[in-house]
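Worksheet: the structure to be examined is printed underneath.
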Amino acid sequence: MRITDLVVMGLYLLAMPAMGVLLSGRQRTTRDYFLGSRNLPWWAVCFSVVAT
């Protein structure tokens, strides 16, 4: 592996948890996490089911 590969992997490993912390602020309860506050559009639910 070259230094560029290691830098990219390091940035990725730092960016993913940072994004998780920043985007998690909208969830207040476990119900928000699992049900999306029942406020998801139909197409997002459809894509989630198909992807799963």
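Tabulated results
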{"quantity": "Degrees, to the nearest 10: 3-23 long Cα axis against longest axis of the chain", "calculated": "30 degrees"}
{"quantity": "Residue-by-residue Karplus 3J(HN,Hα) for the stretch 37-51, coefficients 6.51, -1.76, 1.60, Hz, glycine and proline x", "calculated": "6, 6, 10, 9, x, 4, 5, 5, 5, 4, 4, 5, 5, 5, 5"}
{"quantity": "Carbon/sulfur fraction of accessible area - the chain, other protein chains in place, 1.4 Å, %", "calculated": "68 percent"}
{"quantity": "Å² per residue, accessible surface of the chain at 1.4 Å", "calculated": "99 Å²"}
{"quantity": "Contour minus Cα-Cα distance for Leu35 and Leu22 (0.36 nm per residue)", "calculated": "2.7 nm"}
{"quantity": "Label assignment, Cα Rg over 2.2 N^0.38 Å derived from the structure, set (i) 1.08; (ii) 1.27; (iii) 1.64", "calculated": "(iii)"}
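The values are calculated or read from the model by the stated rules, or taken from the named source; none is laboratory data. Because the structure is a prediction, the values reported are computed rather than measured. Side chains included, ligands, DNA and RNA excluded: accessible areas come from the protein's heavy atoms. Shrake-Rupley method; radii C 1.70, N 1.55, O 1.52, S 1.80 Å.
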